[in-house]
Amino acid sequence: MFWRLFKRTQIQIDEQKIKELRSRGVRIGQSCRIYATEFSTEPYLIDIGDNVAIAGGAKFLTHNGLASMIRDKYPGIQVFGRIRIGSRSFIGQDAILLPGTEIGQDCIIGAGAVVRGKIPDDSLVIGNPAKIIGKATDVLAKLETSPNRLDLYDVSAEERRKRLEKHFSIT
């Protein structure tokens, strides 16, 4: 019962967050999970596809602050860029997406990556500066056969802990 109530509450929180982001101009597809809160000062320059998951701490920067360094020459200068994320992609914890970033479909952006430019479909991207190091499908295939793969998504927190402690021999 608790777990069903938690899931229902989590879905409501997700829907509220997405509704708030859409009201600020972020274009968001269907069935997204968004834990990030920083969508820059121009959120209307951000497009997110369907079934995208964005971890907490991820940041979206739609403007280049370096423009302030030449403001004595160009008093009103600002430089902007759109950010687009393709469907079925994952943005890891504390990743930073810079202006002009386009992430293809089915991509994995690793935790802490600082991403700029065009990322092709099915890319695995990590690092600062971010680099494409492989294919997302290869990582997902390894997850399917991982010895630490446990099907615990729909179990209670108590049951999850019990099974994790057993799996990792924690007494």
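The values are calculated or read from the model by the stated rules, or taken from the named source; none is laboratory data. Note that this is a predicted model, so its numbers are computed, not measured. Every residue, glycine among them, receives a Cβ derived from its backbone with ideal geometry; neighbour counts consider all protein chains shown.
Key figures for this structure:
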| quantity | calculated |
| --- | --- |
| Count - residues of region 84-102 that are within 14 Å of K59 (Cβ to Cβ), under 12 Å from the mean Cα position of the chain (by Cα) and crowded, with 17+ Cβ neighbours inside 10 Å | 6 |
| Residue within region 60-79 that is under 20 Å from G25 (Cβ atoms) and of a type in the set (D, E, K, R) present | no |
| Qualifying residues in region 103-132 (those that are farther than 18 Å from N51 by Cβ and in contact with an Asp or Glu (Cβ under 8 Å, 6 or more places away or on another chain)) - the one surrounded by the most Cβ atoms within 10 Å (Cβ to Cβ) | G112 |
| Neighbours by Cβ (under 6 Å, 6+ apart or cross-chain): first from region 46-63, surrounded by fewer than 17 Cβ atoms within 10 Å (Cβ to Cβ); second part of a loop (DSSP other than H, G, I, E, B) and among the aromatic types (F, W, Y) | G56/Y35 |
| Residue match in region 146-154 (condition: of a type in the set (D, E, K, R), within 24 Å of D14 (Cα to Cα) and either surrounded by 19 or more Cβ atoms within 10 Å (Cβ to Cβ) or modelled with pLDDT under 95 (or both)) | yes |
| Every pair of residues 6+ apart whose Cβ atoms lie under 6 Å, when the first sits in region 71-100 and is among the aliphatic types (A, V, I, L, M) while the second is loosely packed, with under 15 Cβ neighbours inside 10 Å | I77/A67; I77/R71; V79/A67 |
| From the options R22, R88, R8, residue that is of a type outside the set (S, T, Y), at pLDDT 95 or above and outside any loop (DSSP other than H, G, I, E, B) | R22 |
| Complete set of residues in region 91-129 that are part of a loop (DSSP other than H, G, I, E, B) and hydroxyl-bearing (S, T, Y) | T101 |
| Subset of region 49-78 (residues that are among the hydrophobic types (A, V, I, L, M, F, W, C), under 25 Å from N128 (Cα atoms) and part of a loop (DSSP other than H, G, I, E, B)) | V52, A55, A58, L61 |
